[in-house]
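The values are calculated or read from the model by the stated rules, or taken from the named source; none is laboratory data. Values in this document were obtained by computation on a predicted structure and should not be read as measured data. Cβ placement follows ideal geometry from the backbone for every residue including glycine, while neighbour counts extend to all protein chains displayed. Accessible surface areas use protein heavy atoms only, side chains included; no ligands, DNA or RNA. Shrake-Rupley method; radii C 1.70, N 1.55, O 1.52, S 1.80 Å.
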Amino acid sequence: MTVVQTLGQFIIEKQKDFPYAKGELSRLLRDIGIAAKIVNREVNKAGLVDILGEIGSVNTHGESQKKLDVFANEQFISALTSGGECCIVVSEENDDPIFIDNEISRDAKYIVAIDPLDGSSNIDVNVAVGTIFSIYRRKSGGSCATIEDAFQKGTEQVAAGYVVYGSSAMLVYTTGKGVNGFTLDPSIGEFCLSHPEMRIPKDGYIYSINEGNYINFPDGVKKYIKYCQVNDPSTHRPYSSRYIGSMVADLHRNIIKGGIFIYPTTAAAPKGKLRLVYECNPMAFIIEQAGGRATDGFERILEKDVNSLHQRSAIFLGSENMVVKAEEMMRDYSPEVGKVVDIKKAAGA
Ligand code: AHG
Ligand code: MN
Ligand code: MN
């Protein structure tokens, strides 16, 4: 008989890897898993919105219909507020960090950064969307958390994960000891271990980038795209182009099959589009833990300074050899994009 291991069982089992763990992180991960199941239920119903009532209108139960990203944000914040293990939430949907100021959370140990619904442009068209989360330990010693607790580098993450709401829902996470994936079995309502110890192939044959922005890409990215398209059977080129437009879904596929995901700086978005704290850092942590590589074309994502909680970054991540090749092109053809990094390094920063 096949023994199914649920996310809850797995988390408790893994707690033994951390000798001084008191179970707070386990409870936090469990709370995120529960909120993810509720969000998944709503994502599954999204296509019924025309029947149940338009967004913004009042449904037959007298409840107003919410946009899914707002709904997802509320679910995660509410799970984290009542869980008692998290003192600050940084969310894409809130300009300011949320200090959870109740009896049980005020002196809690953890900070959570979250993109509650990633790929929101895909909601209306039945295409996979996701959630991304990142967990930090509180550094301040007093009884209440401080704003500095939210400004930690990606290297300080104690856990990170994503949920992909796809043809099935999956939760994938790391606590810095590899990456494990769990698929939701709707018949029992549990995430079950389906992808133990996920590893991204060192070489991949898929590149994921919004090529519609080609004209505005740095030369290094243009050269890399052309490299991907060259006919060279010995290196499996031309590579396939796959771009869903939900970072979670694009990366999930690339982790399993091998590939590179790039969201570079563009003329319209000179600092990149994706957010460092709740998109790039957690994904970079997961990719590195799966054996891949994540940079902004020059510098490791996880080592970037956090100056603003909503700051943007360019990102190149996925199969190690692909990312290294793309970085080579950036160095050779777009050194001006990396200039800022070099100036900082020269200053010893
Ligand atoms: P979000 O829905 O959280 O705002 O994130 C969307 C992000 C990411 O998921 C995706 O890879 C990227 O934006 C798509 O951007 P383009 O439409 O510019 O390609
Ligand atoms: Mn996003
Ligand atoms: Mn989002």
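Among the residues of region 70-83, none qualifies, meaning not one is assigned to a loop (DSSP other than H, G, I, E, B) and either away from ligand 1 (no atom under 16 Å from the Cβ) or buried (at least 17 other Cβ atoms within 10 Å of the Cβ) (or both).
Of all residues in region 117-131, those that are farther than 10 Å from Asp69 by Cβ have Cβ atoms under 9 Å from Cβ atoms of residues that are within 11 Å of ligand 3 (Cβ to nearest atom) and open to solvent by 60 Å² or more (accessible area, probe 1.4 Å), 6 or more apart or on another chain, in Val127/Ser121. Scoring Asn94 on the criteria (1) assigned to a loop (DSSP other than H, G, I, E, B); (2) more than 16 Å from ligand 3 (Cβ to nearest atom); (3) over 24 Å from Asp250 (Cα atoms); (4) free of Cβ contacts under 8 Å to residues at least 40 places away in the same chain leaves a single failure, condition (2).
Taking Arg242 as the residue in question, decide whether it is open to solvent by 40 Å² or more (accessible area, probe 1.4 Å) and under 13 Å from the mean Cα position of the chain (by Cα). In short, no.
Looking across Glu211, Glu197, Glu190, one residue alone is in contact (Cβ under 8 Å) with a residue 60 or more places away in the chain, open to solvent by 50 Å² or more (accessible area, probe 1.4 Å) and not basic (Lys, Arg). It is Glu190. Here is the figure for region 114-168: residues that are more than 16 Å from ligand 2 (Cβ to nearest atom), hydrophobic (A, V, I, L, M, F, W, C) and open to solvent by 10 Å² or more (accessible area, probe 1.4 Å) total 6. Restricting attention to region 96-113, the residues being out of contact with any Lys or Arg (no Cβ under 9 Å at 6 or more places or on another chain), over 13 Å from Ala150 (Cα atoms) and open to solvent by 20 Å² or more (accessible area, probe 1.4 Å) number 5. There is no residue in region 266-284 that is within 18 Å of Cys228 (Cα to Cα) and under 14 Å from the mean Cα position of the chain (by Cα).
Scanning region 108-137 for residues that are within 16 Å of Tyr243 (Cβ to Cβ) and either in a strand (DSSP E or B) or out of contact with any strand residue (DSSP E or B) (no Cβ under 8 Å at 6 or more places or on another chain) (or both) gives Asp118, Ser121, Val125, Val127, Val129, Gly130.
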